[in-house]
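The values are calculated or read from the model by the stated rules, or taken from the named source; none is laboratory data. Please read all numbers here as calculations on a predicted model, not as lab measurements. A quick note on method: Cβ atoms are made from the backbone with ideal geometry, for glycine too, and the neighbour counts reach across all protein chains shown. For accessibility, only protein heavy atoms count, side chains too; no ligands or nucleic acids. Shrake-Rupley method; radii C 1.70, N 1.55, O 1.52, S 1.80 Å.
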Amino acid sequence: MVVVLVAIVLVAVAIYATILFLQRSYDERIVAAKNEIEKLVETPLEAELTAVEALNLSGDSLEEFTKVKHDYHALINQQLPELSEHLNELQAKVQGYQLVKLTSPLKAREQQVAVAKAQYDELKATLVELKQTAEVHKKAITERKEEYQAIRKTLLAKNFSYGPSIDKLEEELSALEKDFDKYAQVTQAGDFVSSNELLRSLEQKTSVLKIALKKLPPIYRNLKNVFPEQLTELKTGLAQLTKEKYAFKEDVAQKITQIEKLLQEDEAYLKAADVPKAEACDQELAELIDSAYEVMENEYEAKVKVTRQEEHFAEFLKHAKHQEKELLIELDRLSQNYTLNHNELEDAHALDEQLKAISQRFEAYLAAKDKRPVVYSQILAEQTKDLESLTKLEEEQKQISESVSDLFEEEKEAVAAVQGFDNDIHRLKREVENLNLPGLPSDYVEYFFKVGDEIEQLDRDLNKIQLDMEQIAHDLINTQSDLDVLAQKTQEIIDSSALTEEMLQYANRYRNKYPEVAAAYAQAYELFAREYDYMSALDTISEALETVEPGCYKRIENNYKDSAQRRAVV
């Protein structure tokens, strides 16, 4: 029972605490809303309304002000008092603990207070804007008036700088001044809403006029002074250069006609004070005049360079022709005695054709330069390219000449080499014959005759009417290599036969005592005397003797080599 009573007490306390919390919270929200209303009431806009009303507004501005004034008085005299009364009623209900149905009404009143505050701020901002707009337009009237006076003064003082544009500029200024008068009337009448649109139009048109005042004088100066002088120079220059037999890559006369046409168009644009078209035409004229000057200057400078290098070109061409003639004569002479394996004649004739083409072009220029118009820039480009070709051509002439210049020396060297080969093979033959051997190995004899045939073939090749020195050089290398091999084989026969004879003599001391030595002796003698295989004979007897007297072969071989060296020195 006690527990139930305690629970009931606790629930009652909680409910009471909740009611107190809600009561305090609602009361604070209501007080805050009432304070917002009080702030709005305590900061009236009467002074602002009076100040704006004193501006004597009219038209759309007056209509807007009248609405603001009406809305403000409705807000202060009706909406805010009614809202304040509703808040008082809610506050009374809070004090009477009528909290259950207050949440939604209180939220609605708070929203109404927020709307009222926003409406107040908007009305205040509108009044400030109306006042500021009035000040802006009053200032604009003064500034525009002074600006138009300055423009008028400029046109009067510098009308000579605008040429045909002056009438149109004055017309546009007069139109602006009429628009300004209308703007001033509307502004002074207090219709600032309409004034805004008129002011924007004035500012845009004034900006266009001021740009024209700035940009037209230099365009007119070009039209009046600069371009006519340049046109006269171009005509005079063209006439003089044409008289001096100049021709041009581009039609300069047509450019001059186009310049004259553009000058007329430029004047029409200036008369209409059409700045964009006048600027574009001025730029096109400048570029076209520069282009015409450039075409004539290029030809004049090209002639100077062509004339300056004419003598050098002629000498260079003459020298190349002489070199070509000498080269062809030399190649023709050499081709009768030697085979030219690297298209030397064909290459030289190709160079000769190049020279003929270059010579024809140069002669055509010399024939034309004083008789008919010449495009010197083309001649300069042509001669510059031909000079490069001549330089390269002479280098190729030099390379061809050097490639065949050593043929006679190569022939002499080849003859000497073949004579040396012949001496060497006869020397080898004598060395073998001096050995008085019973015979020679068949492979050696075959190789000997092969080398001999090679030497004889070289001798026949060198005695031909037309020599192929490249092939002969190739064969010389091979024959020298084969001769070296033959010399090696010959030396092997000399050494092996001599050592075999010494070893056979040395074997006599062991033949009777050692049957194996006797057998080796017989076999070695057979190889030596009948088969002429001196290396095998030496190997056979040496192996047998080494078994009975180790080291004997090396000792006999060393003695043989020492004796051979002494003979060579002697």
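Flag: SER442 does not match the condition of being of a type in the set (S, T, N, Q) and under 30 Å from PHE313 (Cβ atoms). Restricting GLU409, GLU394, GLU344, GLU431 to residues that are out of contact with any Gly (no Cβ under 7 Å at 6 or more places or on another chain), without any contact (Cβ under 8 Å) to a residue 60 or more places away in the chain and not hydroxyl-bearing (Ser, Thr, Tyr) narrows the list to GLU409. Residues in the stretch 519-532: is at least one in a helix (DSSP H, G or I), basic (Lys, Arg), free of Cβ contacts under 8 Å to residues at least 12 places away in the same chain and open to solvent by 80 Å² or more (accessible area, probe 1.4 Å)? No, the stretch 519-532 has no match at all.
The requirement of being surrounded by fewer than 15 Cβ atoms within 10 Å (Cβ to Cβ) and modelled with pLDDT under 85 is satisfied by GLU135. Do the conditions hold for PHE160, that is, is it surrounded by fewer than 17 Cβ atoms within 10 Å (Cβ to Cβ), of a type in the set (A, V, I, L, M, F, W, C) and either modelled with pLDDT of 80 or more or outside any loop (DSSP other than H, G, I, E, B) (or both)? Yes.
The conditions are (1) at pLDDT 85 or above; (2) over 21 Å from GLU171 (Cβ atoms); (3) among the aromatic types (Phe, Trp, Tyr), and PHE192 fails exactly one of them. Which is it? The number of the failed condition is (1).
Checking each residue in the stretch 256-276 for being among the charged types (D, E, K, R) and either open to solvent by less than 30 Å² (accessible area, probe 1.4 Å) or free of Cβ contacts under 8 Å to residues at least 12 places away in the same chain (or both) picks out LYS261, ASP266, ASP274.
If the condition is being among the hydroxyl-bearing types (Ser, Thr, Tyr), in a helix (DSSP H, G or I) and either touching a Phe, Trp or Tyr at 6+ places or on another chain (Cβ under 7 Å) or at pLDDT below 80 (or both), then the stretch 325-368 contributes only SER335. Among the residues making up the stretch 420-438, those that are surrounded by fewer than 14 Cβ atoms within 10 Å (Cβ to Cβ) and outside any helix (DSSP H, G or I) are ASN434, ASN436, PRO438.
Okay, residues lined up against (1) within 27 Å of GLN258 (Cα to Cα); (2) out of contact with any Lys or Arg (no Cβ under 6 Å at 6 or more places or on another chain); (3) buried (at least 20 other Cβ atoms within 10 Å of the Cβ):
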site	(1), (2), (3)
ALA189	no, yes, no
GLU197	no, yes, no
SER201	no, yes, no
SER207	no, yes, no
PRO217	yes, yes, no
TYR220	yes, yes, yes
LYS224	yes, yes, no
GLU229	yes, yes, no
THR232	yes, yes, no
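Residue check: ALA417 meets all listed conditions (1) part of a helix (DSSP H, G or I); (2) over 25 Å from ARG333 (Cα atoms) but one, namely (2). Candidates ALA286, ALA278, ALA302: the one that is of a type in the set (Gly, Ala, Ser) and either at pLDDT below 90 or more than 40 Å from the chain's Cα centre (by Cα) (or both) is ALA302. Please indicate, with yes or no, whether at least one residue in the stretch 475-488 is open to solvent by less than 80 Å² (accessible area, probe 1.4 Å), over 30 Å from THR339 (Cβ atoms), in contact with a helix residue (DSSP H, G or I) (Cβ under 9 Å, 6 or more places away or on another chain) and among the charged types (D, E, K, R). Scanning the stretch 475-488, I find no residue that is open to solvent by less than 80 Å² (accessible area, probe 1.4 Å), over 30 Å from THR339 (Cβ atoms), in contact with a helix residue (DSSP H, G or I) (Cβ under 9 Å, 6 or more places away or on another chain) and among the charged types (D, E, K, R), so the answer is no. Determine whether LYS371 is at pLDDT 85 or above and open to solvent by 100 Å² or more (accessible area, probe 1.4 Å). So LYS371 fails the test. Within the stretch 463-474, the set of residues being in a helix (DSSP H, G or I) and either at pLDDT 90 or above or surrounded by fewer than 17 Cβ atoms within 10 Å (Cβ to Cβ) (or both) comprises GLU470, GLN471, ALA473, HIS474. For first residues located in the stretch 201-226 and within 17 Å of CYS281 (Cβ to Cβ), partners that are of a type in the set (Val, Ile, Thr) and modelled with pLDDT of 85 or more and lie 6+ apart or on another chain with Cβ distances below 6 Å form the pairs ALA212/VAL275; LYS215/VAL275. In the stretch 462-471, the condition of being free of Cβ contacts under 8 Å to residues at least 12 places away in the same chain and over 30 Å from ASP406 (Cα atoms) is met by no residue. Tallying residues that are under 41 Å from the mean Cα position of the chain (by Cα) and open to solvent by 50 Å² or more (accessible area, probe 1.4 Å) within the stretch 351-363 yields 5.
Could you say whether any residue in the stretch 392-403 is of a type in the set (A, V, I, L, M, F, W, C) and either open to solvent by 30 Å² or more (accessible area, probe 1.4 Å) or touching a Lys or Arg at 6+ places or on another chain (Cβ under 9 Å) (or both)? Taking every residue of the stretch 392-403 in turn, none turns out to be of a type in the set (A, V, I, L, M, F, W, C) and either open to solvent by 30 Å² or more (accessible area, probe 1.4 Å) or touching a Lys or Arg at 6+ places or on another chain (Cβ under 9 Å) (or both).
The single condition from (1) surrounded by fewer than 17 Cβ atoms within 10 Å (Cβ to Cβ); (2) at negative phi that GLY551 fails is (2).
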